[in-house]
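Please treat every number below as a calculation from the coordinates, not as lab data. All of these numbers come straight from a predicted model, not from anything done at the bench. FYI the Cβ positions are ideal-geometry reconstructions off the backbone, even for glycines, and counts take in every protein chain you see.
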Amino acid sequence: MTEWADEARARQGLYRFIGAALLPPERGRLGLLSSAYGILDEYELDKYPYFIAWRNFVAVLNSDVSLEDLSVEHVRLFGVGFRGTPAIPTESNYRAPNRDGAVATFIAALEAEYRSMGLTSVESAEAPDHLSTELEVMSYLCGVEADAWASGHETLALDTLEVESRFVRSHLAVWIPMFAGRVLAAYPAPFYERASELVHAFVIHENDYLAAIVAGSSKL
């Protein structure tokens, strides 16, 4: 089960890494990203279909990235401005009908879903439906899965995989492609161009990967 635990650890790290890359840029956060990619590379990511997107983002991360320029671009792409926001990074913006109370109802349902996973609170300063929050939730679930594999609790690991699959299928795989498309349509700076391509490629892979694992386990 060590191989399965390692797989879950790699996924746990990638969810957290990508989520951090799309938060408002800070010098310390960029430093952590630069340190973390080397650790993640040890998991032989070149065997996965999102590897090209991963490699392209790492190349930008390792270039001379101006914190000031990134901050301005982050606000332009994701902040609320008088000319509108190209790509608001919250799920409700893409899925909640534009009527009174719809967003609050959507977020309340999402928070209830988090509680059903055992999450009474999410360690995020962002909204419950923010991209980075949802990626952090998936990182948490991958951690639970990895611990289960490592301790020999196969049933718990498989149950957690089902929860992961359901969350990706019902949330991330639905709205992340729309979000990434809007980012790319806004002609972003290379850092956010590559980050949006990476989150899109990774989520699509995860949706297919988890669905296959869950389907396979149900036949055992």
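Using the 10 angstrom Cβ neighbour count as an exposure proxy, how do ASP147, ASP64 rank, fewest first?
Going from sparsest to densest Cβ surroundings: ASP64, ASP147.
Could you derive backbone 3J(HN,Hα) for region 86-92 from the dihedral phi with the Karplus parameters 6.51, -1.76 and 1.60 (θ = phi - 60°), listing whole Hz in sequence and x where the residue is Gly or Pro?
x, 8, 5, x, 10, 4, 4
Please give the FRET efficiency for ASP6 paired with ALA125, using the beta carbon to beta carbon distance and R0 = 22 Å, rounded to the nearest 0.05.
Rounded to the nearest 0.05, the efficiency is 0.15.
In the chain, with Lys and Arg counted as +1 and Asp and Glu as -1 at Cβ, which of these residues, GLY31, VAL174, VAL214, has the Cα nearest the positive end of the dipole, that is, farthest along it?
With unit charges placed on the Cβ atoms, the residue in question is VAL174.
With point charges of +1 on the Cβ of Lys and Arg and -1 on the Cβ of Asp and Glu, referenced to the Cα centre of region 39-96, which listed residue (THR90, TYR43, ASN56) lies farthest in the positive direction of the dipole?
THR90
How large is ³J(HN,Hα) for each residue in region 94-102, as worked out from phi by the Karplus curve 6.51 cos²θ - 1.76 cosθ + 1.60 (θ = phi - 60°), to whole Hz, x for Gly and Pro?
Each residue of region 94-102 in turn: 9, 10, 8, x, 7, 8, 4, x, 5 Hz.
Which longest run of the chain has no exposed loop site in it, a site being trypsin sites (Lys or Arg not before Pro) in a DSSP loop with at most 13 other beta carbons within 10 Å, and the site itself not part of the run?
100-218
To make sure I understand, if each residue's beta carbon is the centre and we count other beta carbons within 10 Å, what order do ASP69, ASP6 fall in, fewest to most?
Ordered from fewest to most neighbouring Cβ atoms within 10 Å, ASP69, ASP6 come out as ASP69, ASP6.
Suppose every K and R has +1 on its Cβ and every D and E has -1 on its Cβ; what is the size of the dipole of the chain about the Cα centre, in Debye to the nearest 20?
That gives a dipole near 620 debye.
Could you tell me which label, among (i) 8, 33, 37, 18, 4, 0; (ii) 8, 30, 32, 22, 8, 1; (iii) 8, 27, 31, 21, 10, 2, 0, carries the value of P(r) over Cα pairs in 10 Å bins from 0, in percent calculated for this structure?
(i)
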